[in-house]
1. With a 1.4 Å probe and all protein chains left in place, how much accessible area per residue does the chain have, in Å²?
2. If the cut-off is 22 Å between C-alpha atoms, which lysines fall inside it for LYS365, apart from same-chain ones fewer than 8 positions away?
3. Taking every DSSP beta bridge that has both residues in the chain, what percent is antiparallel when rounded to the nearest 5?
4. For the range 272-451, which whole-number percentage of the solvent-accessible area (1.4 Å probe, protein heavy atoms only) is attributable to carbon and sulfur atoms?
5. With N set to the residue count of the range 355-455, report its C-alpha Rg divided by 2.2 N^0.38 Å to two decimal places.
6. If the viscosity is 0.692 mPa s and the temperature 37 °C, what Stokes-Einstein diffusion coefficient in µm²/s follows for the range 391-501 when Rh is the Kirkwood radius over Cα pairs?
7. So what is the relative contact order of the chain, in percent, for Cα pairs below 8 Å that sit 6 or more residues apart?
8. Measuring from the lowest to the highest alpha carbon on each principal axis, how far does the chain reach, largest first, in angstroms?
Amino acid sequence: MTTTPTVGSPIDANVRYEGFDTLYVGGMWRSGGAGQYTDDLDPWTGHSITPIARATVRDVQEALETARDAQRDWAKTSPGLRAQVMRTAGDILTARKQEFIDWSVREVGSTVGKATVEWEVARGEVYEAASMSYHVTGQILPSDIPGKENRVYRAPLGVIAVISPWNFPLNLTTRSVAPAIALGNSVVLKPSEESPVTGGLFLAKVFEEAGVPAGVLQVVTHAREDAGAVGDAITTSPIPRFISFTGSTNVGRGITRKAGIKRMALELGGNAPIVVLADADLDQAVDGAAFSAFHHQGQICMSGNRLIVEAPIFDRFVDRFVEKVRSLPVGNPADPSTFIGPVINRRQLDGILDKLERARQSGAKHILGGEPTGPSGLLLPPQIIVGDNETPTAAEEVFGPVITIIRAEDEADALRIANATDYGLSSAVFTGDLDRGVVFAQQIEAGMTHVNDASPEGEAHVAFGGEKDSGLGRFGGQWVLEEFTTVHWISVQRTPRHYFG
Ligand code: NAD
């Protein structure tokens, strides 16, 4: 029997979602099997904002089995219905904009500006997914065998496991979950322990309200100490046909070793170079570089980690850049004028401070600094290091409000430095000559390069992803459609064949 879900009822955004202390499995909001909870902490105050249910390995197995059973009926629904559900989900997100922003500020320390961008990108991903269900097309191909017709059908994969990080949680979850469901798959989603609401449960409430049937989307939440066990239970299970993982290169590498023969997209760490050539418009380059380095406290996989500046403008650029960065408002993320808020947690802060200390010990100059402050002690003001490509803050992904400025002798040297990294996610080049910029961009070993723009960029219909240790696979538009579907060659022999003699 085919399920005929009803598309969501009228949206009442005045009634805010509540009850985030549960898992979401089989359309039920229920506690974890062991009845245990953990705290979801606000990085600005350090206080708990809601208890979060801890899933057991058995809960994960149940979520996977439920998703597998529900997918068969979901795949039979019409593309029009799946598109309509996605459009309704987009409308619900539109109506619940402020509600999401409030959660994002409190749960991950987003500034109001960052939370607004995240809401906008995620909403774009849902509307983009609405267009996908009609673009699942096949092909008819010729054959050298008389009487044969080759057909290639495209079909959903089955269960897609989505594991997401905490930094842009709604966006990085939605870019997988929305197309996966729109294309007729079901999903088991494991948001980060730092963002169970904005990376999972909030979206589940939106999709439930939009009419996604029970079992098509499951959300399993957990405590930090359970991440390995819950994550492994998902990735090593034979049920998911695809693992969509966004997070660190270390955890991604572990998944490739454990997951066995499964398709996967790994969107991993980055170490973006921002290259400023001597003919660049300095004001534009200073602003673009400062935004790249410090938007969301530098906690973006595409954040500018190294600022590579050509020698003739180096001193002038550094003076202007320091002046700009000094002027960035640092403080409470709920204040709409704040540009830099708290980092996510103590472990992350300690890691950033350790890299800064090692950078100083290596002989690099720490030209702009400041101690962590704020109610929870997690508010780190922007930090600027002048060093080389081996300086620890340049050689490693910092994931915090830190940039290392590196002098390049000329354009060729700038390109050499930009590519001297194991990563290859995003990058940027500033120049007064757009063609020169494009030729330079084509030589950068990365999945994404922006000419005369900041390095953190994402548009729902464009190919997003990395090269080298930054990962495998692409999100966005036709690229994610290919990732989340499979093809089946079916040949039709219209006339009898003679196999013998
Ligand atoms: P992380 O790798 O610590 O965690 C990511 C997710 O993996 C979380 O949900 C976590 O609970 C889960 N996890 C942990 N152990 C696991 C296991 N054994 N099996 C399965 N899942 C497991 O990363 P993070 O700290 O949340 O995010 C920061 C990192 O993510 C940075 O390196 C950043 O560059 C990267 N990132 C990449 C992109 C991208 O699109 N390429 C986007 C955002 C963040």
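1. On a per-residue basis, 40 Å².
2. Those lysines meeting the cut-off are LYS324, LYS355.
3. Details: 28 of 66 bridges.
Expressed as a percentage, antiparallel bridges in the chain total about 40.
4. Working: 3320 of 6900 Å².
That fraction is 48 percent.
5. Working: Rg = 15.3 Å, N = 101, 2.2 N^0.38 = 12.7 Å.
The range 355-455 yields a ratio of 1.21.
6. D = 190 µm²/s.
7. Result for the chain is 18 percent.
8. 77, 63, 40
The values are calculated or read from the model by the stated rules, or taken from the named source; none is laboratory data. Predicted, not measured: the structure shown is a model, and the values here were computed from it. Positions of Cβ are generated from backbone atoms using ideal geometry, with glycine treated the same way; all protein chains shown enter the neighbour counts. Protein only, heavy atoms only, side chains kept; ligands, DNA and RNA dropped before computing areas. Shrake-Rupley method; radii C 1.70, N 1.55, O 1.52, S 1.80 Å.
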